[in-house]
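A quick write-up on the structure given underneath.
The values are calculated or read from the model by the stated rules, or taken from the named source; none is laboratory data. All values reported here derive from a predicted model rather than from experimental measurement. Heads up, the Cβs are rebuilt from the backbone with ideal geometry, glycines too, and the neighbour counts pull from every protein chain shown.
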Ligand SMILES: [Zn+2]
């Protein structure tokens, strides 16, 4: 089941009522990205499917997710005027072990279907970070400090779409949005396969 209204105007999480504009996390924090959307809530069967995709080598699922994103969010992506798609990178040791970066597979499929370039080497992950799910909000931010780096300077003033598998509090995506913004990119958006509940 796709996520329906009412949802947070920033991160897209489902929220209780139409009177609220933002979810709990977005009301609390300041963000560097503009806006983002996700296909599904992170609960069964979606959560199991993402788990198999990442840990049981079901790479083909990534193509299905990319296709779904193209179908459901093309309107948004055109409205945001996205010039470049950037997947959230894995630490290189982790990627070597897994054999692939799950976010890059989804990004490639989406880019191919919409004719938008994908750059999987623009941002790199320099630190192996503690899994975010084991940390609270403040520690998440700290954990991610200096975790990512923009390795090359593309043209400025471009609008970038970050792709990840799961959106929880948004700290990973926002850390990348922050460094892209500093590097001169104009506006940053995101899409993920799944997202947590907003209340
Ligand atoms: Zn939100």
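Summary of computed values
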{"item": "Segments classed as helices (runs of 4 or more DSSP H), wholly inside segment 1-81, with at least 1 members that are more than 14 Å from the ligand (Cβ to nearest atom) and touching a helix residue (DSSP H, G or I) at 6+ places or on another chain (Cβ under 8 Å)", "result": "46-55, 59-79"}
{"item": "Members of segment 96-121 found to be over 17 Å from the mean Cα position of the chain (by Cα) and at pLDDT below 95, listed by number", "result": "96, 97, 98, 99"}
